[in-house]
Structures are given as structure tokens and as C-alpha cells.
1. Determine the gain in length on full extension of the stretch residue 57-residue 24; use 0.36 nm per residue of separation and subtract their C-alpha separation, reporting nm with one decimal.
2. If r is the Cβ-Cβ distance from residue 117 to residue 65 and R0 is 22 Å, what FRET efficiency results, to the nearest 0.05?
3. Please give the length that would be gained between residue 139 and residue 48 if that part of the chain were fully extended, namely 0.36 nm times their separation in residues minus their C-alpha to C-alpha distance (nm, one decimal).
4. Tell me the label-point distance for the pair residue 165, residue 152, using the 7 Å Cα-to-Cβ offset, in nm and rounded to one decimal.
5. Among 30, 22, 160, what is the fewest-to-most ranking by other Cβ atoms within 10 Å?
């Protein structure tokens, strides 16, 4: 079934359509939440909350919406809200300017298995993990991350650079 058909059916409170949306997108949503939260149970709870929020709000969306992208945004926002609610996000007011570096330099010719990268990302401190996941995987801009976390954009950029350097150390890829 197409997204537009599913959306319309969900707007009409079709349990079958809601279950289909759930089955199609639950893994993607869980993975996005887990990458941010780093905890399986918290990610499951957050996905549950995100689906409830999505099904309540679906009446307000256009039928031609990209359902997967919309659901991903909801679960990312719910995950960040979870961190804020549980006081796991603290102020990151470290605005030390770091020199710009060539973003592609260390990563271009490196091929690592996904599990190795996932484990390395999960070993990062929470600030770095959240910033890297939102920027590199969830495709948020620095500005969007700053807005979500209530920070200055420069703070997010600096945290991203630090996180990237920490990830490179974790993966032993700094020359």
C-alpha cells in the first residue's frame, strides 16, 4: 500500500493501516531512537510514545507526505525529549573555537563493518553520540540540532568536531 493510501486510512482510524505503518517503520524508528538514547528499553518506550504521537497527529498531515521521514523526525524529537525529561542532556556551553579541518580527509578511504562503527559510536560520551547521530545519520543541520537542544550553533559545531575526533580515536583512524 502506498504512503498516501496508508495516511488516508490512518486518518480514518483504520487499525489495519496503523498496524501496517507500525510494521513498516518500527525497526527504523527503534534504530534511530537507540542511536540517540543508547538504551534498548528507553528506545522501545520512546518508539511507543512516538507512534502514539504520530497517530494522533496524522489527521493534520498531507496525504502525499513521506511517511518514513515524518515518523523519523517524530521519534528523534521524542528521543531528545526523553533525554531532556530525564535530565540526561545538560548545558553544553563550551564555545571554544576550533580550527576548521578537512572534513573528508580521514574518512574517504576507510571501510569498516557497520557493527564496529555502531559499537564505537555507543562508546562515545552522550553529547558526542547525540550530536554525531543527529548530524551524520539523521541528517539534521547544525542549526536544527542547536534549536532542538537549546544551544548556540557554534557549540553544536564544536561538539560535532570533538565527537568526530573522539570517534576517529575510537576507530583508530587518525594518521
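1. Values: separation 33, 0.36 × 33 = 11.88 nm, distance 1.82 nm.
Working it through step by step, the gained length comes to 10.1 nm.
2. Numbers: r = 31 Å, r/R0 = 1.39.
With R0 = 22 Å, the Cβ-Cβ based efficiency is 0.10.
3. Values: separation 91, 0.36 × 91 = 32.76 nm, distance 2.25 nm.
Extra length available between residue 139 and residue 48 comes to 30.5 nm.
4. 1.8
5. On the way: 30 18, 22 15, 160 21.
Sorted ascending by nearby Cβ count, the order is 22, 30, 160.
Throughout, read-outs are computed from the coordinates displayed, never taken from laboratory work. Please read these numbers as outputs of a predicted model, since none were measured by experiment. Don't worry about glycine lacking a Cβ; one is built from the backbone with ideal geometry, like all the others, and counts go over all protein chains shown.
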